[in-house]
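**Q** Got a structure for you, questions after.
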Amino acid sequence: MTVPDSQPVGLNAAVADRLHECAQLAQQVTPGSLLQSVADHLQLTREAHQNSPLVNLRLAEGIAGPLLQTLQDWATLTADAQYWIAAAAFYFCRDADEEPDFSSPLGFEDDAEVLNACLRCIGRSHLCLNVEDYDDV
Amino acid sequence: MSSVSAPAPGMRVLCRDAEWLVTRVDPADHSHTHYAVHCVGTDDLVRGHQAVFLTQLDIIEPIDPRKTKLIPDTSNGFRNARLFLEAQLRQMPATGLNPDPEAMGAFKPMPFQVEAVRLALGQLRPRLLLADAVGLGKTIQVGMILSELMRRGRANRILVLAKKSMLTQFQSELWNRFGIPLVRLDSAGIARLRLRIPANKNPFEVYHRVIISIDTLKNVGSYRHFLENTRWDCVVIDEAHNVAGASVPERHLAYRLARLLSRRTDSMLLTTATPHNGKRETFGRLISLLDPSAIPDPDFREYTADDIRGFFLMRFKEDVREDAGENLTDRQLVPIEQTTVNATPSEEQIYAILSELRAEAARNRGEDGWKNNQLVQYGIYKQFLSSPESCLKTLRKRLATVRAEDPDSPELPFLERIEVLLSALTIRESSRYKMLLAQLRDIGWDGSAGCPRVLVFTEYRETQDALAAAIAADFKLKYSARFEQQPNQVLATINGSCPDVHLMKTVEAFGTGASEMRMMLATDVASEGVNLHHQCHHIIHYDLPWSIITLIQRNGRIDRFGQKQNPILRYLRVRTEAGLLQGDETIFQRLVEKVEEINHSTRQGESHLKLYDAEAEERYIAEHGILSGNTAVLEQAATTADPETESLEQLLAAAVPEVGEDYLRYLLGETDAAPGLEITADATSSNATESRLRLYSDRQFLMDGYRLLSELGTDYTPLQESGPLMLLNAPADLRRRLGAPGNTADVVFGATAIPAEAWPDDNQFRLTNDPDRVELAILAARNTSGHWSRELLATDQQPILQWITERLLMLMKRGQCPHITSRRLQPRELCFCFIGQVSTQAGAPLAVDAHAISFRPNGGFEQRPLREALDAAGFDQLVNDGNTSNLELGAAALLESAVDYSLDYMRQLGRDKVNDLTPFLRRENRRLRNWSQRRRELLQTRLETLPPNHPKAHACQRELDEIDAYIADRHDNWQDTWINASAQPSTQLVLVIEGVQ
């Protein structure tokens, strides 16, 4: 699939590059396996949180929510929406991104930023997260 | 040889016969069979010392509380066990965020001062600029914050930087009121110290609490190497505008020093009453000193209220008047009509010529021959307002210049006429001086021993000299102008050329009741920041500086927090019949009134004219008021044209909390009552009270503890009680520990030394538990000998009580714990009392808790706070029947499970604490990330506009490189040190209570 015309905005250059890379890779996997990967990554996060409360499990769950929801409604999404949701999901499942998920107290903030940008881009900004709501353990 | 498995951070270990807490473990060889174990000492001999042990060389054994040996207490009423437990409780660090001014020191904490402490403690990394107005007790607030940090184990190593003239004042204030010992180092002191320590040892690491003058230290070149390798827990810079105000700060030594220190310390406190000069960058620079990650702009010019929020407090007198009560007396201005005098006829003549001269100069402004208009139009006039002597000197200089440069100058005839008249005048015959004599008569001043002290200000050295001579003659006083004579005279003068040593002694004498000194004649330069209010409440402005800033600074010397009398202000004024003074009189009157208005207003300090500089104010008032006859010159700000100042003040007002505002919310930037974080409210406040559990009052602990020690130690003379005082003759080991003067031992006890100046001549310490007495003793010290109080408050942090605490702890050998009995418990019930701790990876206390675990004979089990368990055992009225059983066998299994319970409980407390801290940590990390992103962008944009080899480009690149280094350093030396919990909690068995019949 070609890159849609509408692009997520407001991301810094490094994050945007990484997102585009994820989008390309996400094209090669099925929505079902993406769904599974998101669930798996959440499970990893739970385990990491057991060892360090600094790993922001609440935010990870907050991000996974809209992802899982939209992935489940896959068939009803437009092609553009499918493209960017897959990209955001793929981004979420990588640990070593802009802020490493399990070693920075802000580990999931770039994932949330990416998700928000993608959601806005596909007209679902009502699902966007405010990261500061997830600061409490 | 070593054990092969690596010790983990957080473990307690035994090494070289001392107990340590492991803070970090690094592999010491490639095969990972040996380790470098970084430790911090936890038992009495090595507490707070840092060491690195290599497993190749040292035997490092973990300490297991499960193997604690129980020692039956045979003392009467279990006194030994009680004192041991009390000592344990007293060395428990506090952990909460709430300040507790109770039993902290000899002072009356004002709510606004407690708020400052709350704000500092609420920060994960206390960094605060205290920018309260002149005279609101900034030093007290520093003392309070330091005390709270010390209670939390976060201020073991303190560095205070102050101006030379302020060193003793600061040092004695912290010692007298808080028992915080600051050892003074000067260059000679550092050199001497280096002779006593091994060559490779860092002199700044010898003493743990140090005060140094900025001038000594700013010679960074010679100390740089040492300073770069020293870390501090808290750095305090007094009068911090002195380190940030320079125009080219990068080349400014004091600024570079402060910048270096800021990066080598956990907490930092800056104090100043003049946090900015109207320029955004001076304030921005101060905030960036506190926290380099506050303002992204490398020039410190662009920042928002959010960037600087939480880093500073700026309160004015009116903000806190309600809080302050009697500590802030209302000042009285003697109506200016009463201090106005008519010019003498010969003075009128001179005023008349001056008036002509000014008119001529104004008419011919810019013409050849009328250069240096300032001096001609009002400079000479202003000097004449002060004294004939001062005027004559300036006039003659001007005459010489003009004659040499332009013999035909139209100025000359005027100047020559004035000179003739002026030569015939002296200060003693001047109208102003006669008014001074009249006012002195009113005050009852005659230079005799009983008369009130008076502070007289003048702007000019020549006036000061002439005035001193005249007063000495009229009151028949001996007076010498020699600097070293000043402290011993009835009449003393201080001015800018007075060397620091003599200045300090003169100031000290003026604040000492028993000193003969009755009058101080001061110029403005010499007196900034100095406290002169202790024995004086009369101030006379002999002449009138045309500057609001100067007048506020002058009045602030005696009108400040702690002045018990109403300060009485007098401004002397001369009135002329026909001269040019007529219109000026209104301006002078407004100036005086304005200063009083500002004194009674809020949110407006010295910055009324928005000029931020005494000289600029003088020029402005002269040119826009005096010369143009504009009597409304003082009614509005001078520089509406400077929007920068305007916006800076708005910015600061937006970023500073209101008095009484909820500081925690404020800190989080929350303004509405949105569901924020009710953090700490429950978890830590209860924790705070628990960590202050005491079985003895400070007084009783001192007496009983010392008595027990003196029964065991041979050279301990008994403590004498004398009313509310306890007199303790320091035994040899205390003298060594506190660093008594003349003590030539090889070892410098840097962690426990007290100021040599505070040492009592007779080795006798006088302690009391009554803060009012200490307050009186401080007053008495000022009346007789100077700064150092003879009586000290017995508090937890008083070094003598700390000595007793540590000595008592040592009475029980490592791995042992007292065992006592109680009839109030069920027979054979065992109650294990623990103090547990979760440390950060560097060993700083994160959660501390005293709790007890009881096993009942029927299999019952209970865990509860220590206080409850002690109450249940009737701890306060126990009788020792000598019937402790031998528990060795039966108790071993129970002890093991009690330790496990205790450790589990501590693990949970540690986890709760980390959970409480995490939201703050996330915010801080987010702030740090946003800062680095913005800063990187700014620097990169700038870099792109510069040619690649431009020096500025190199500077930019260097700053870019520094960002990562800074963030990495913050992570290693801050997050890991103070926030990240170590994997393992520790617990110590401190008492076992056995139920008996």
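Readers should treat all values here as calculations from the given coordinates under stated rules, not as data from a laboratory. This structure is a prediction, so every number in the text was calculated from the model and none was measured. Note: ideal-geometry Cβ built from the backbone for every residue, glycine included; neighbour counts use all protein chains shown.
**Q** Using Cα atoms only, what is the angle between the long axis of helix B:111-122 and the major principal axis of chain B, expressed in degrees (0 to 90) to the nearest 10?
**A** Between the helix axis and the principal axis of chain B, the angle is about 60 degrees.
**Q** A further question on this structure: Report the Cα centroid-to-centroid distance between the range B:346-362 and the range B:78-127 in angstrom, as an integer.
**A** Answer, in whole Å: 66.
**Q** For the charge dipole of chain B, defined by +1 on Lys and Arg C-beta atoms and -1 on Asp and Glu C-beta atoms about the Cα centroid, which residue among B:335, B:648, B:475 has the Cα displaced farthest towards the positive pole?
**A** Result: B:475.
**Q** At q = 0.06, 0.08, 0.10 Å⁻¹, work out log10 I(q)/I(0) for chain B with the Debye formula, treating every Cα as an identical point scatterer and leaving solvent out; two decimals please.
**A** -0.53, -0.88, -1.25
**Q** Sequence gap at least 6, Cα distance under 8 Å: using those rules, report the relative contact order of chain B to the nearest whole percent.
**A** With pairs under 8 Å counted, the relative contact order is 17 percent.
**Q** With angles folded into 0 to 90 degrees, how steeply does helix B:500-510 sit against the dominant principal axis of chain B? Use alpha carbons for both and round to 10.
**A** Helix B:500-510 sits roughly 90 degrees off the main axis of chain B.
**Q** Cross-link partners among lysines for residue B:813, C-alpha distance below 26 Å, same-chain residues fewer than 8 apart left out?
**A** B:67, B:69
**Q** Another question, then. Count, for each residue of A:45-54, the Cβ atoms from other chains sitting within 10 Å of its Cβ, then give me the mean as a whole number.
**A** Per residue, the average neighbour count from other chains is 3.
**Q** Go through the range B:901-910 residue by residue and turn each phi into a ³J(HN,Hα) via Karplus (6.51, -1.76, 1.60, θ = phi - 60°); whole Hz please, and just put x for glycine and proline.
**A** Running phi through 6.51 cos²θ - 1.76 cosθ + 1.60 with θ = phi - 60° gives 4, 4, 5, 4, 4, 5, 4, 5, 4, x Hz.
**Q** Within 10 Å, Cβ to Cβ, of residue B:455, how many net charges do the neighbouring residues add up to if Lys/Arg are +1 and Asp/Glu are -1?
**A** After counting each charged neighbour, the total is +3.
**Q** Distance from the Cα centre of the range B:766-807 to that of the range B:397-472, in angstrom?
**A** 47 Å
**Q** Out of residues 5 or more away from residue B:342 or on other chains, whose amide H comes under 5 Å of its own, with H placed 1.01 Å from N in the peptide plane?
**A** B:575
**Q** Still on this structure, I have one more. On C-alpha positions alone, give me the angle between the axis of helix B:345-363 and the longest principal axis of chain B, in degrees, nearest 10.
**A** 90 degrees
**Q** If we count every other residue with Cβ under 13 angstrom of residue A:80's Cβ, Lys/Arg +1 and Asp/Glu -1, where does the sum land?
**A** +1
**Q** Using a 10 Å cut-off on Cβ to Cβ distances, tally the other chain neighbours for every residue of A:123-133 and report the average as a whole number. Walk me through the numbers on the way to the answer.
**A** Numbers: counts 0, 0, 0, 0, 0, 0, 0, 0, 2, 4, 1.
What the average comes to for A:123-133 is 1.
**Q** Mind putting a number on the dipole of the range A:16-134 about its Cα centre? Charges go on the C-beta only, +1 for Lys and Arg and -1 for Asp and Glu, and I need it in Debye to the nearest 20. The partial results should precede the final answer.
**A** On the way: 6 positive and 18 negative charges, 77 e Å.
For the range A:16-134, the charge dipole is close to 360 debye.
**Q** Let me ask something else about it. How much net charge surrounds residue A:6 when only other residues with a Cβ under 15 Å from its Cβ are counted (Lys, Arg +1; Asp, Glu -1)?
**A** Working: positive: A:120, A:124; negative: A:5, A:80.
That works out to 0.
**Q** Further question: Tabulate in residue order the Karplus-calculated ³J(HN,Hα) for the range B:989-995, using 6.51 cos²θ - 1.76 cosθ + 1.60 with θ = phi - 60°, rounded to whole Hz; enter x for Gly and Pro.
**A** Per-residue couplings from phi come out as 7, 10, 6, 10, 10, 10, x Hz.
**Q** For chain B, give me the percentage of DSSP beta bridges that are antiparallel, rounded to the nearest 5 percent.
**A** Close to 45 percent.
**Q** Given the pairs B:564/B:594; B:108/B:505; B:393/B:564, which are separated by over 31 angstrom at their Cα positions? Don't skip to the end; give the middle numbers.
**A** Numbers: B:564/B:594 24 Å; B:108/B:505 28 Å; B:393/B:564 41 Å.
In this structure, B:393/B:564 lie more than 31 Å apart at Cα.
**Q** With a cut-off of at most 13 other beta carbons within 10 Å, and DSSP calling the residue loop, which trypsin sites (Lys or Arg not before Pro) in the range B:475-514 qualify? Please list them.
**A** Values: sites: B:476, B:478, B:482, B:505; in loops: B:476, B:478, B:482.
Those satisfying the criteria are B:476, B:478, B:482.
**Q** Something else now. Report the one residue of B:294, B:131, B:232 whose Cα lies farthest in the direction of the positive end of the charge dipole of the range B:119-316 (charges on C-beta: Lys and Arg +1, Asp and Glu -1; origin at the Cα centre).
**A** Sorting the options by dipole projection puts first B:232.
**Q** With +1 on the Cβ of every Lys and Arg and -1 on the Cβ of every Asp and Glu, and nothing else charged, how large is the dipole of chain B about its Cα centre, in debye rounded to the nearest 20?
**A** The dipole magnitude comes to about 1820 debye.
**Q** If you don't mind, there's one more thing I want to ask. With only Lys, Arg, Asp and Glu charged, each at its Cβ (+1 for the first two, -1 for the last two), find how big the charge dipole of the protein assembly as shown is about the Cα centre; round to the nearest 20 debye.
**A** Details: 121 positive and 154 negative charges, 645 e Å.
The dipole magnitude comes to about 3100 debye.
**Q** Which residues' amide hydrogens lie under 5 Å from the amide hydrogen of residue B:811, considering only partners 5 or more residues apart or on another chain, with H built in the peptide plane?
**A** Here nothing satisfies the definition.
**Q** Also, quick follow-up: What whole-number distance in Å separates the alpha-carbon centres of the range B:707-755 and the range B:274-307?
**A** Their Cα centres are 47 Å away from one another.
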